[in-house]
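Heads up: the structure comes next, in structure tokens.
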Amino acid sequence: MQELLGIPSPLLFGQLLIGLINGAFYALLSLGLAVIFGVLNVINFAHGALYMMGAFVAWLLLTYLGIGYWPALVVAPLIVGAVGILIERTMLSRLYDLDHLYGLLFTFGLALIIEGTFINFYGVSGQPYAPPQVLTGGYNLGFMFLPAYRGWVIVASLLVCFGTWLLIERTRLGSYLRAAVERPDLVRAFGINVPLMMTLTYGFGVALAGFAGVLAAPLYTVSPIMGQNLIIVVFAIVVIGGLGSILGSIVTGLGIGLIEGLTRTFYPEASSTVVFVIMAIVLIIRPHGLFGRPRE
Amino acid sequence: MSNAQPLLRIRDLNAWYGESHILHGIDFEVNRGEVVSLLGRNGAGKTTTLRAIMGLVPQRVGSIAFEGTEIGAMKPERIARRGIAYCPEERGVFASLTVEENLMLPPVVQDGGLGLDEIFELFPNLEERRKGASGARLSGGEQQMLAIARILRTGAKLLLLDEPTEGLAPVIVHQIGASVERLRERGFTILLVEQNFHFAARLADRHYVIEHGRVVERFARGDIRERMGELYELLGV
């Protein structure tokens with residue numbers, strides 16, 4: 001068997017692939033958090049619960065309406081986005097004038113309510129969700145075996161991340177968003193409806209989480225608590241990348257996934273803590289994150 | 001002009017920031033095509049008056065009529081859409097936007113705004129800097145020009161300029177003065193807040209002096225020479 005640095009190469013690449021998959025989810029979720037934080041100044045603790053909701057909506061659509069994976073990939077994020085818009089309009093928007101802490105506490109409570117509701121109806125054991133027919137099987141790349149669905153998750157996540165980056169950094173709408181991050185009052189005084197933009201931004205940010213949830217459904221079991229473990233790591237990634245940095249959250253998400261994969265290969269004991277060690281180091285050396293700008 | 005309806009008419013405007021009562025019943029008018037200045041010492045309430053007109057001070061009461069329509073309770077985005085544009089004292093050039101994005105940011109709200117060629121004729125420096133990667137890299141004078149230039153595109157009829165000369169070199173102040181003069185000729189109505197009395201005296205048709213959140217005196221352009229002593233005393237020059 002081939003070896004690389006004393007590790008059988010299929011094992012190494014297998015772990016790197018898992019790392020890349022995790023990184024793809026980290027990137028999608030931290031991107032949504034970064035966009036929401038940038039525009040609304042809210043740390044969205046409900047992000048994990050809405051990711052779970054995306055997976056559950058896909059499962060419910062299939063189980064009760066016979067709607068399959070591909071339509072669900074579009075419909076479920078739209079539904080989660082609509083739920084987000086409802087949350088922002090009816091509740092979250094009332095907290096903007098208060099301290100940040102209230103938004104954080106509100107979304108944290110909301111996460112408990114959403115997860116509690118799903119646990120009440122479906123328990124914590126989880127529901128299976130089969131990948132679509134065309135993405136079963138896989139490819140032998142010579143140095144490793146790539147399951148087709150995993151390859152698709154990486155491609156889809158990168159496309160959506162890159163598309164979001166383009167939207168924010170290269171379009172007129174994106175320039176409104178970036179300006180509103182700096183001076184929402186002045187942007188309103190130019191005739192741009194910033195409150196509406198904040199509502200749509202929250203809807204879009206949580207729709208990204210819903211999209212990640214649908215992508216995750218065939219990989220992991222669909223369970224009400226699937227967002228809980230993930231979201232803690234994602235918050236660490238947002239801290240490492242720098243709050244509010246779009247590119248930073250994408251690059252950091254993928255990077256941390258790969259580092260976790262490498263750690264799992266070379267020193268498995270540290271694989272679940274390595275992200276927090278990196279976070280601590282970054283906080284000491286660059287408190288505003290690798291890609292963040294210091295906020296005044 | 002005396003029987004024509006003023007473009008902007010303010011009556012008994014009061015405004016608060018939290019607990020502090022800043023404006024105590026401001027009254028004044030701006031007629032179509034005029035340049036009017038608000039003078040006064042630091043903290044008199046000049047900037048708050050502009051921000052209140054723009055809807056950026058949530059706690060405000062009194063009447064603000066623009067083209068005969070009451071806008072005193074409207075949100076900032078609706079006020080802007082009626083044709084009022086605001087250039088803040090701190091200029092508000094966005095660091096995360098390129099120079100061109102900054103220039104193109106405010107949406108066109110009405111017909112009759114300046115085209116880019118006219119804007120670059122007015123501010124030639126901006127054309128050179130157009131491809132700049134960030135608005136924050138411009139000099140203070142260029143930022144001021146950008147902040148004025150971007151609101152000329154929108155078709156707004158009334159421009160609120162808050163201390164456009166603050167902290168700028170005399171040559172730049174002169175250039176901005178010439179631009180304001182050109183804008184008046186082009187039919188813009190301008191409400192100007194200034195600390196630099198000499199700058200305002202050269203440009204404005206009428207002046208209001210604000211003290212402790214009230215209009216305490218008014219001067220027409222012709223009065224200034226005779227009443228200079230009185231004015232200097234009010235402004236503490």
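The numbers here are math on the coordinates, done by the rules we state, and not lab data. Because the structure is a prediction, the values reported are computed rather than measured. Note: ideal-geometry Cβ built from the backbone for every residue, glycine included; neighbour counts use all protein chains shown.
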>> Compute for chain B: radius of gyration divided by Kirkwood radius, i.e. Rg/Rh, restricted to C-alpha atoms, rounded to two decimals.
In response: 0.95
> Under the definition of Cα pairs under 8 Å and six or more residues apart, what whole-number percent is the relative contact order of chain B?
Replying inline: 27 percent
> What does the charge dipole of the range A:124-203 about its Cα centre add up to, to the nearest 20 debye, if the Cβ of each Lys and Arg holds +1 and the Cβ of each Asp and Glu holds -1?
Replying inline: 120 debye
> Which trypsin sites (Lys or Arg not before Pro) in the range B:177-237 pass both tests, a DSSP loop state and at most 16 other beta-carbon atoms within 10 Å?
Replying inline: B:ARG186, B:ARG225, B:ARG227
> Among the lysines, which have Cα under 21 Å from the Cα of B:LYS46 when same-chain residues fewer than 8 positions away are ignored?
Replying inline: B:LYS75, B:LYS157
>> Just want to confirm a number: the relative contact order over chain A, from Cα pairs under 8 angstrom separated by 6+ residues, in percent.
In response: 38 percent
> Which of B:LEU231, B:HIS212, B:VAL99 sits farthest toward the positive end of the charge dipole of chain B, with +1 on the Cβ of Lys and Arg and -1 on the Cβ of Asp and Glu?
Replying inline: B:VAL99
>> Expected output is a single nm value to one decimal: the length gained when fully extending between A:ARG170 and A:ILE113, i.e. 0.36 nm times separation in residues minus the C-alpha distance. What is it?
In response: 16.8 nm
>> Only counting other Cβ atoms within 10 Å, I'd like B:ASP27, B:ASP12 sorted with the fewest neighbours first.
In response: B:ASP12, B:ASP27
> What's the percent breakdown of Cα-Cα distances in the range A:225-296 across 5 Å bins, shortest bin first?
Replying inline: 3, 18, 25, 25, 17, 8, 3, 1, 0
> With each pseudo-label sitting 7 Å past Cα toward Cβ, what's the A:LEU105-B:ALA133 distance in nm, one decimal?
Replying inline: 4.3 nm
> Placing +1 at every Lys and Arg Cβ and -1 at every Asp and Glu Cβ, with all other atoms neutral, what dipole size does the range A:3-285 have around its Cα centre, in debye to the nearest 20?
Replying inline: 460 debye
>> Pairs of alpha-carbon atoms within less than 8 angstrom and 6+ residues apart define the contacts here; what relative contact order does the range A:51-158 have, in percent?
In response: 18 percent
>> With equal scatterers on the alpha carbons only and no solvent term, can you work out the Debye log10 of I(q)/I(0) for the range A:145-296 at 0.09, 0.14, 0.17, 0.18 1/Å?
In response: -0.36, -0.85, -1.18, -1.28
>> Within chain B, which is the longest segment that contains none of the GluC sites (Glu not before Pro) sitting in a DSSP loop with at most 14 other Cβ atoms within 10 Å?
In response: B:91-225
>> Would the range B:97-211 count as rounded, prolate or oblate if I go by the C-alpha gyration tensor, calling it rounded below 1.5 in a/c and otherwise prolate when a/b exceeds b/c, oblate otherwise?
In response: oblate
> Which of the trypsin sites (Lys or Arg not before Pro) across the range B:118-168 are loop residues per DSSP, with 12 or fewer other Cβ within 10 Å?
Replying inline: B:LYS131
> Looking at B:GLY187, B:ASN14, A:PHE106, which one has the Cα that reaches farthest to the positive end of the dipole of the protein assembly as shown (charges on Cβ: Lys, Arg +1; Asp, Glu -1)?
Replying inline: A:PHE106
> In Å, what is the Rg of the alpha-carbon atoms in the protein assembly as shown, and how long is Dmax?
Replying inline: 28.6, 100
> Leaving out same-chain residues fewer than 8 places away, which aspartates and glutamates sit with a Cα under 14 Å from that of B:LYS131?
Replying inline: B:GLU100, B:GLU101, B:GLU142
